[in-house]
Each structure stands twice: as C-alpha cells, then as structure tokens.
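Everything on this sheet refers to the single structure shown next.
Derivation of every value follows stated rules applied to the coordinates shown; laboratory data play no part. What you see is a predicted model; the values in this text were computed from it and never measured. Ideal geometry is used to build each Cβ from the backbone, glycine not excepted, and the neighbour counts take in all protein chains shown.
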Amino acid sequence: MDGHEVNIRTQRLFKAFRGDKKEVVALKDFALDVDEGEFVCLLGPSGCGKTTVLRIIAGLETKSDGQVVVSGEEVTGAGPNRGVVFQEFALFPWRTVKKNIEFGLEMKNLPLAEREAVSSRYIDLVNLEGFEDAHPQQLSGGMKQRVGIARALANDPAVLLMDEPFGALDAQTRNLMQKELLRIWAATKKTILFVTHSVDEAVYLADRIVVMTARPGKVKQVIPVGLPRPRDRTSAEFISIRGEVLEVLEEEFEKTMMRELSKTVVEHKT
C-alpha cells in the first residue's frame, strides 16, 4: 500500500515454549510489515503459531527474541494502541452492553459524560441501538461479537488484532459479520490483523493474505487480493485467488500431517 506508513512491524521474531521434556519452537524468523489502514489476514496449518504472533503483538505473550513495533513504539507489554478481539466473546455477564463497552474507559478514569458519549458512538457504529441495557446472555453470538468489537474500538487503538473472531458462529451469521466488519473498518480506517482458518474468509476480507509455514512458523508467502469490495465469492477472480491460496497451504498441511504421523510412530515404538 504505497504512501502508507508501516503500523505493525515484526523482525526476526522467535518464540520457544519450554515443556517438561523438550523445547518447542513455535516461531522462527517471522517477519511482517502491516501498513496503516491495511487489512491483513494470517493463514496457516493448525499449530503454526498464528495466534502466538497475534498475542506477542498484543503484548499478551512474551517473545523469546526479535522485535515487534506498533505505531513506532516497541512492544514490551499490553497497551492502549492495540485492541484485541478473541473468538471467545469474553464479555462480563453482569455488565450491560453499554457497560461492557465502557469498561476500558472506566479503567482510564474518564468522566461519565465522556464514557457515555464514546459508548453511544460505538453502539451506533456496530448497529446495537436498542440493546444498550441488555446483558450478554440476552444476545445472539453475532451481537456478542459486535459488543467485543465495539469495546476494543472504544479505546481508539491504532491497531485491531482479531483472533478467529467469527470461528464460533454459524455460516450465515459469519458471512453477515464479515460484511459488518468491513463496514466498520471502512468507517474507522483502523489497521486490522486478522487470524483465520478459513481461506474463503481471508479472500473475502483481506488486502493481503499472509500464509505461514508449518511449525516453526514463519512467512511462507504473501498473496495480494486486488479485488474491489464488496467481493463476489462466486466470481472467477475470487475462485482463482482462493485456489492459489489453497495450493500454497497444501504443502504446509502435508508437512504438519507427516510430522504428526512420525510422532505417533515414535510414541508407538516406545
């Protein structure tokens, strides 16, 4: 995206987890730049480190080595310039929609009038007017995720980090939420890094799709999606890009399967 500043930069990112018997390397030499206002999707086989990348950028997981910079500042922990939306709705069941959205603002000790103005703005943005005083158990899955998105945006982060936010939704609701997210993204112009397992979802949403290798995860290939929005999932161009992504992924899925098979054989022998 020419003319835009880099908003997320990871260089030589390395992450190892220490288990009881051995060290597991989750990420090795992971490097990625995401431009301001860009929508990037991370794809890869299970266990490749997609969520680990997101959590390190969010400051919720410590890196073993490398560098992570967001909006020109090195990441050393969680911070207000990054909003996070998880697959689990993670709403406070005892708080209303309005109060869930205002939670981060309360932590900042913002005055009541300012909190209410901000929550009202984002309730309108995510189309939850009339549900301000509802509790999470009264909402559908899609509505709960809208509250989560509104809560993340209410703190006005530079970057929105989304970890399979629609993974628990049924297919129809998921498609609707994808459209909603693109509408919200167009309105807020936030930088979005979005983890998904769905190739279709990535092609529908992203400016660029970043395909990761099997563990240890690093960038295997970056595929631009130069289709105008809204995108037609049945168009020849859409299907062609989806096929290209699937072809790149297939090699990594095979590596993952072979590793699991080898592990099973070794365990059986011992």
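Listed conditions (1) under 22 Å from residue 33 (Cα atoms); (2) out of contact with any Lys or Arg (no Cβ under 8 Å at 6 or more places or on another chain); (3) surrounded by fewer than 22 Cβ atoms within 10 Å (Cβ to Cβ) are all met by residue 199, apart from (2).
Out of all the residues in region 49-75, which are out of contact with any helix residue (DSSP H, G or I) (no Cβ under 7 Å at 6 or more places or on another chain) and closer than 20 Å to residue 88 by Cα? If the condition is that a residue be out of contact with any helix residue (DSSP H, G or I) (no Cβ under 7 Å at 6 or more places or on another chain) and closer than 20 Å to residue 88 by Cα, then 49, 50, 51, 52, 53, 54, 55, 56, 57, 58, 59, 60 are the ones that fit.
Is at least one residue of region 38-48 without any contact (Cβ under 8 Å) to a residue 40 or more places away in the chain and out of contact with any Asp or Glu (no Cβ under 8 Å at 6 or more places or on another chain)? No, because not a single residue in region 38-48 is without any contact (Cβ under 8 Å) to a residue 40 or more places away in the chain and out of contact with any Asp or Glu (no Cβ under 8 Å at 6 or more places or on another chain). Does region 202-239 hold any residues that are of a type in the set (Asp, Glu) and either surrounded by 22 or more Cβ atoms within 10 Å (Cβ to Cβ) or out of contact with any strand residue (DSSP E or B) (no Cβ under 8 Å at 6 or more places or on another chain) (or both), and which are they? Hits for region 202-239 are 232, 237. Taken over region 163-196, the criterion of being among the β-branched types (Val, Ile, Thr), under 22 Å from residue 140 (Cα atoms) and out of contact with any Lys or Arg (no Cβ under 9 Å at 6 or more places or on another chain) is satisfied by 173 alone. Checked against (1) under 20 Å from the mean Cα position of the chain (by Cα); (2) surrounded by fewer than 22 Cβ atoms within 10 Å (Cβ to Cβ); (3) not polar (S, T, N, Q), residue 21 passes all but condition (1). Residues of region 182-200 that are farther than 16 Å from residue 161 by Cβ and within 15 Å of the chain's Cα centre (by Cα): 182, 197, 198, 199. When residue 168 is tested against the conditions (1) over 25 Å from residue 58 (Cβ atoms); (2) in contact (Cβ under 8 Å) with a residue 60 or more places away in the chain, the lone failure is (1). For region 1-25, the set of residues classified as within 26 Å of residue 203 (Cβ to Cβ) and assigned to a strand (DSSP E or B) consists of 6, 7, 8, 9, 10, 13, listed by residue number.
Of everything in region 98-143, what is among the hydrophobic types (A, V, I, L, M, F, W, C), under 21 Å from residue 82 (Cα atoms) and touching a residue at least 40 places away in the same chain (Cβ under 8 Å)? Give them in sequence order. Correct list: 101, 103, 105, 125, 126.
Would a scan of region 72-88 turn up a residue that is more than 28 Å from residue 150 (Cα to Cα) and either surrounded by 17 or more Cβ atoms within 10 Å (Cβ to Cβ) or of a type outside the set (A, V, I, L, M) (or both)? No: zero hits. In region 207-224, the residues that are on the phi > 0 side of the Ramachandran plot never reach a residue that is surrounded by fewer than 18 Cβ atoms within 10 Å (Cβ to Cβ) with C-beta atoms less than 6 angstrom apart, at least six apart or across chains. Pairs linking a residue in region 144-160 that is farther than 11 Å from residue 119 by Cα to a residue that is of a type in the set (Phe, Trp, Tyr) and surrounded by fewer than 21 Cβ atoms within 10 Å (Cβ to Cβ), with Cβ atoms under 6 Å and 6 or more positions apart or on different chains, are 144/89; 148/89.
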